[in-house]
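Structure, as structure tokens:
The values are calculated or read from the model by the stated rules, or taken from the named source; none is laboratory data. Note that the structure is a prediction, hence the values are computed from the model and not measured. Backbone-built Cβ (ideal geometry, glycine too); neighbour counts: all protein chains shown.
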Amino acid sequence: MMDKKEKENKLMEIAEYNQLKVLKGMQDNKVSDIHFAATTGYGYNDLGRDTLEDVYASVFHAESALVRPQLISGTHALTIALSGNLRPGDEILSPVGKPYDTLEEVIGIRDSVGSLKEFGITYSQVDLLPNGDFDFENIKKAINERTKLIEIQRSKGYATRPTLSVKRIGELISFIKSIKPDVICMVDNCYGEFVDTIEPSDVGADIMARSSDVGREVVDIIQGVMMFLIAADALLRGWRQRLIVKAAKAEEMEAAQK
Ligand SMILES: Cc1ncc(COP(=O)(O)O)c(C=O)c1O
């Protein structure tokens, strides 16, 4: 059991590691002042937006990312991920119990107009065992030829179960993929990102969706750090310039003394 100080140190270590991860993502994608310039407003070829999405993809070690202010909430992001991948006749399986409350109407667990259920998409669920373990036996039984997407909620939402660690999510994904390799494993990562040094996308998740409010904070941090780097760069260039001038003057004086 860690004491308060050890816990604090651990959290600081994780925060610092993730800060470096974000900085590396910006360096790898060559973020510069041009990405903060205005665009035409048409929404095409928006270099700043495209690069921001590339930074996210790098940070989360993903193939690509969709980071848009038009996605107004976690529920919205999750809905897009679900409706974009599911077709009539497909089934969603949640192997970690009931999903977050707002998804009940999206999926149709609670009847609602425009739910996935109305479009012929079915839902099944396997609860966690009383001790919190995954019910591997019943998960195996629940996966069938129609199972297209597995919904794994990382944090507890309004449930009383503990948040799932990324390591446990990885074990669950490996088990599921060993039964059906082509099934889409989607993680509801709302409030999960950056609380650990690894993310579900590092342990086999095909899709990760999360709340945009947290995303906006990250965008603010990225922009803040960017402005700092640009200012620091200008400062260093200034110093370098002054050093060059000083060196040139010293050479001149030396030559005059000869
Ligand atoms: C696990 C989980 N999923 C989904 C959501 C929905 O996110 P939002 O409230 O941004 O729609 C939340 C919000 O707290 C959540 O905790």
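Descriptive notes on the structure:
- Residues in the range 73-86 that are within 15 Å of the chain's Cα centre (by Cα) and in a loop (DSSP other than H, G, I, E, B): 73 only.
- Taken residue by residue, the range 45-67 has at least one member that is within 16 Å of the ligand (Cβ to nearest atom) and touching a residue at least 60 places away in the same chain (Cβ under 8 Å).
- Looking only at the range 96-122, and only at residues there that are within 11 Å of the ligand (Cβ to nearest atom) and in contact with a Ser or Thr (Cβ under 6 Å, 6 or more places away or on another chain), the one that is nearest to residue 147 (Cα to Cα): 106
- Any hit, the range 171-189, residues being over 15 Å from the mean Cα position of the chain (by Cα) and among the small types (Gly, Ala, Ser): yes
- When residue 113 is tested against (1) crowded, with 18+ Cβ neighbours inside 10 Å; (2) farther than 15 Å from residue 188 by Cβ; (3) modelled with pLDDT of 95 or more, exactly one condition is not met: (1).
- Pairs, first among the polar types (S, T, N, Q) in the range 19-38, second assigned to a helix (DSSP H, G or I), C-beta under 7 Å, six or more apart: 29/51; 29/54; 29/55; 29/58
- Positions within the range 7-32 being assigned to a loop (DSSP other than H, G, I, E, B) and either basic (Lys, Arg) or farther than 12 Å from residue 58 by Cα (or both), in sequence order: 30, 31, 32
- If only residues of the range 151-182 that are surrounded by fewer than 21 Cβ atoms within 10 Å (Cβ to Cβ) and touching a residue at least 60 places away in the same chain (Cβ under 8 Å) are counted, the one that is farthest from the ligand (Cβ to nearest atom) is 161.
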